[in-house]
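Report on one structure; see the data block that follows.
Each reported figure results from applying straightforward, stated rules to the coordinates on display, with no laboratory input. Nothing here was measured: the structure is a model prediction, and the numbers come from that model. Every residue, glycine as well, gets a Cβ built from its backbone with ideal geometry; the counts of neighbours run over all protein chains shown.
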Amino acid sequence: MKHIVFYDAKCPFCFNVKRVVHKFDWRKQMKWVSIQEVEKTYGKYPYLEGRNTRDEIHMLTKEGELKAGFQTIRRLLILLPPFAFIGLLLYLPGMERIGSPLYRWFSGHRYQWFGQYDQPRYK
């Protein structure tokens, strides 16, 4: 089973993060699903109902844990060999207290800074 990462395919920054992460996913541990696809397939991902998937990247780990925002980013980094050390650093005490608000601030401004695609981009 793979980790499932839910991303916004209308967000240029998110789409490009997906492309870069995919290149470094040497062990092919991740499956990427756009939130636009999730919205079309009502009921297929019940654990996402009521979640702010447009505001935060989400991940269902292969162990069945649902992560969002900063927690997803640090988990993704640990899974990528070249970035695993950075991911480990993000688990140090106090990093959640800094990382989560920073992630939310960045996420809240991403359309302002990078724009938005008219149509979702998948490849």
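Once you've got the GNM for the chain with C-alpha springs shorter than 10 Å, pick whichever of 29, 112, 71 has the biggest mean-square fluctuation.
Evaluated over the chain, the most mobile residue of the options is 112.
Sorting 44, 18 on the 10 Å Cβ count, fewest up front, what's the list? Don't skip to the answer; put the middle values down first.
Working: 44 10, 18 22.
The order, fewest Cβ neighbours first, is 44, 18.
Based on the Cβ-Cβ distance from residue 27 to residue 65, what FRET efficiency comes out when R0 is 30 Å, to the nearest 0.05?
Working: r = 19 Å, r/R0 = 0.62.
It comes to 0.95.
Show me, bin by bin at 5 Å from 0, the whole-percent P(r) of the chain based on Cα pairs.
Binned Cα distances yield the sequence 2, 11, 20, 24, 23, 14, 5, 1, 0.
Counting only DSSP beta bridges with both residues in the chain, tell me the antiparallel percent, nearest 5. Before the final figure, lay out each step's value.
Numbers: 6 of 11 bridges.
Around 55 percent of the beta bridges assigned by DSSP in the chain are antiparallel ones.
Starting from the amide H of residue 31, placed 1.01 Å from N in the peptide plane, find each other amide H under 5 Å away whose residue is 5 or more places distant or on another chain.
HN-HN under 5 Å from residue 31: 3, 4, 5.
Using DSSP H assignments, which helices in the chain have an axial alpha-carbon span of 15 Å or above and a mean Kyte-Doolittle hydropathy of 0.0 or higher?
Details: long enough: 12-24 (19 Å, 0.22); 95-114 (26 Å, -0.82).
Going by DSSP H runs, the hits are 12-24.
Can you pull out the chymotrypsin sites (Phe, Trp or Tyr not before Pro) in region 1-51 that DSSP calls coil and that have at most 15 other Cβ atoms within 10 Å?
Those that pass, being in a loop and sparsely packed, are 26, 42.
Please work out the FRET efficiency for the pair residue 84 and residue 42, using the Cβ-Cβ distance as r and a Förster radius of 35 Å; give the result to the nearest 0.05.
On the way: r = 36 Å, r/R0 = 1.03.
For residue 84 and residue 42, the calculated efficiency is 0.45.
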